[in-house]
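Q: Please read through the structure below; I'll follow up with questions.
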Amino acid sequence: MTRLTAPPPSEVMIEAHEVSKVYGTVRALDSVSISARRGTVLALLGHNGAGKTTLVGILTAALPPTSGRAAVAGFDVASRPREIRQRIGLTGQFASVDGQLSGRENLVLLARLLGAGRKAARARADELLELFALGEVATRRAQTYSGGLRRRLDLAASLVGHPEVIFLDEPTTGLDPSSRINLWEIVEGLVAEGTTVLLTTQYLDEADRLADSITVLSSGAVIASGTAAELKASVGQRTVTVTLDGADDPALAVAALREAAMEPVTGRQDGAIVIPIAASRDIAAVVRALDNVGIEAAELSFGEPSLDDVYLTLAEQPARLASPSLALGATV
């Protein structure tokens with residue numbers, strides 16, 4: 001199957017600038033700007049109704065923006081929708097393949113609809129069946145597939161035309177952990193070969209693993225963006241957790257830590273003391289403070305903030321959402 005010619009010479013494959021979408025009195029998107037370079041994954045995080053699917057609709061030329069500008073693979077979504085549709089793949093939350101056809105028949109049909117000859121269509125179908133480990137079920141009707149198998153077939157279908165950009169709209173919703181990990185590995189392989197991916201998800205571990213850049217949407221607006229590490233650093237908090245020997249005095253340990261200008265937190269059921277720190281090097285200061293009063297920690301652990309911490313902080317503290325310090329830039 002012949003690949004399409006390369007897009008205009010630009011490394012930015014997905015771009016939206018001040019994009020808004022209004023339905024009557026409802027503003028589904030409010031001046032959203034994002035960008036992603038070739039061979040990277042941009043994740044969109046947000047609750048249901050945050051605007052993720054609306055933005056995907058605009059970028060795939062399915063919906064016109066009310067205002068603003070968007071381009072995919074160098075082509076404007078408003079003026080060049082046909083060129084965009086020829087260069088993208090789209091996989092949604094629910095499998096879109098024909099359940100009455102077998103896995104191979106679905107892929108061959110799509111290849112034929114995209115202009116491939118019979119031989120080329122069969123060859124492309126076999127290539128994708130092997131890539132997605134679907135060979136053993138290739139002749140079975142898709143309606144007999146498990147959720148994980150159907151999602152793999154759906155993703156395979158989105159790749160029939162050799163897309164340069166893939167839009168994955170909550171692709172692992174409802175999948176078991178094993179199937180989710182399998183899909184993640186497939187996406188990682190595609191990105192390694194130069195494919196650009198826009199991923200919408202509510203799973204923070206999914207974004208943490210796959211995304212080069214993350215944009216958080218709420219009520220149609222961007223409230224934070226950056227790499228996972230940048231987002232964690234901006235609103236998360238590193239901690240050291242100290243568990244004392246039963247013979248040691250927790251009050252003495254807390255006093256020593258406060259004397260060292262730290263702010264220990266107590267009250268956990270396991271009796272551990274949690275000390276917020278700025279960097280991993282501060283672990284040594286915790287140990288020295290305890291050492292000064294003759295206390296040796298029975299157990300000491302270092303904790304990095306997670307994307308869950310970031311998301312909960314953003315959700316629970318709306319006053320911070322407009323803070324420029326959280327807009328770390330979505331270009332990767």
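Q: Is it the case that the stretch 299-322 has a residue that's at pLDDT 75 or above and more than 29 Å from residue 203 (Cα to Cα)?
A: Yes.
Q: Scan the stretch 160-174 and tell me whether some residue there is buried (at least 18 other Cβ atoms within 10 Å of the Cβ), among the small types (Gly, Ala, Ser), touching a strand residue (DSSP E or B) at 6+ places or on another chain (Cβ under 9 Å) and farther than 19 Å from residue 96 by Cα.
A: The initial filter retains those residues of the stretch 160-174 that are buried (at least 18 other Cβ atoms within 10 Å of the Cβ), namely 160-161, 163-172.
Retained after the next criterion (residues that are among the small types (Gly, Ala, Ser)): 161.
From the residues that got through so far, the ones that are touching a strand residue (DSSP E or B) at 6+ places or on another chain (Cβ under 9 Å) too are 161.
If we keep only those that are farther than 19 Å from residue 96 by Cα as well, we get none.
No, the stretch 160-174 contains no residue that is buried (at least 18 other Cβ atoms within 10 Å of the Cβ), among the small types (Gly, Ala, Ser), touching a strand residue (DSSP E or B) at 6+ places or on another chain (Cβ under 9 Å) and farther than 19 Å from residue 96 by Cα.
Q: Continuing with the same structure: Just need a number here: residues in the stretch 17-60 that are farther than 15 Å from residue 200 by Cβ and not in a strand (DSSP E or B).
A: The qualifying residues number 5.
Q: While we're on this one: State which residue is surrounded by the fewest Cβ atoms within 10 Å (Cβ to Cβ) when the search covers only the stretch 18-43 and only residues that are within 21 Å of residue 91 (Cβ to Cβ) and in contact with a Leu (Cβ under 6 Å, 6 or more places away or on another chain).
A: The residue in question is 41.
Q: What single numbered condition from (1) at pLDDT below 80; (2) more than 19 Å from the chain's Cα centre (by Cα); (3) hydrophobic (A, V, I, L, M, F, W, C) fails to hold for residue 293?
A: (1) is the only condition that residue 293 fails.
Q: Which of (1) surrounded by fewer than 16 Cβ atoms within 10 Å (Cβ to Cβ); (2) within 30 Å of residue 223 (Cβ to Cβ) does residue 291 not meet, given it meets every other one?
A: (2)
Q: Quick check on the stretch 242-262. Is at least one of its residues within 17 Å of residue 309 (Cβ to Cβ) and surrounded by 12 or more Cβ atoms within 10 Å (Cβ to Cβ)? Working first, answer last.
A: Here is the first cut: in the stretch 242-262, the ones within 17 Å of residue 309 (Cβ to Cβ) are none.
No: the stretch 242-262 contains no residue that is within 17 Å of residue 309 (Cβ to Cβ) and surrounded by 12 or more Cβ atoms within 10 Å (Cβ to Cβ).
Q: Could you please give the count of residues in the stretch 199-231 that are within 13 Å of the chain's Cα centre (by Cα) and either charged (D, E, K, R) or not assigned by TED's automatic domain parsing to the domain that holds residue 15 (or both)?
A: 5
A quick yes/no check of all residues on (1) at pLDDT 95 or above; (2) of a type in the set (Asp, Glu); (3) touching an Asp or Glu at 6+ places or on another chain (Cβ under 8 Å):
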residue: 147; (1), (2), (3): no, no, yes
residue: 151; (1), (2), (3): no, no, no
residue: 173; (1), (2), (3): no, no, no
residue: 180; (1), (2), (3): no, no, yes
residue: 189; (1), (2), (3): no, no, no
residue: 198; (1), (2), (3): yes, no, no
residue: 207; (1), (2), (3): no, no, no
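Q: Out of (1) under 28 Å from the mean Cα position of the chain (by Cα); (2) at pLDDT 95 or above; (3) crowded, with 20+ Cβ neighbours inside 10 Å, what's the single condition that is false for residue 108?
A: (1)
Q: Anything in the stretch 156-179 that is touching a Phe, Trp or Tyr at 6+ places or on another chain (Cβ under 9 Å), assigned to a helix (DSSP H, G or I) and free of Cβ contacts under 8 Å to residues at least 60 places away in the same chain? List them, or say none.
A: 156, the sole residue that qualifies.
The values are calculated or read from the model by the stated rules, or taken from the named source; none is laboratory data. Quantities reported herein were computed from a predicted structural model and do not represent experimental measurements. Note that each Cβ is placed from the backbone with ideal geometry, even for glycine, and that neighbours are counted across all protein chains shown.
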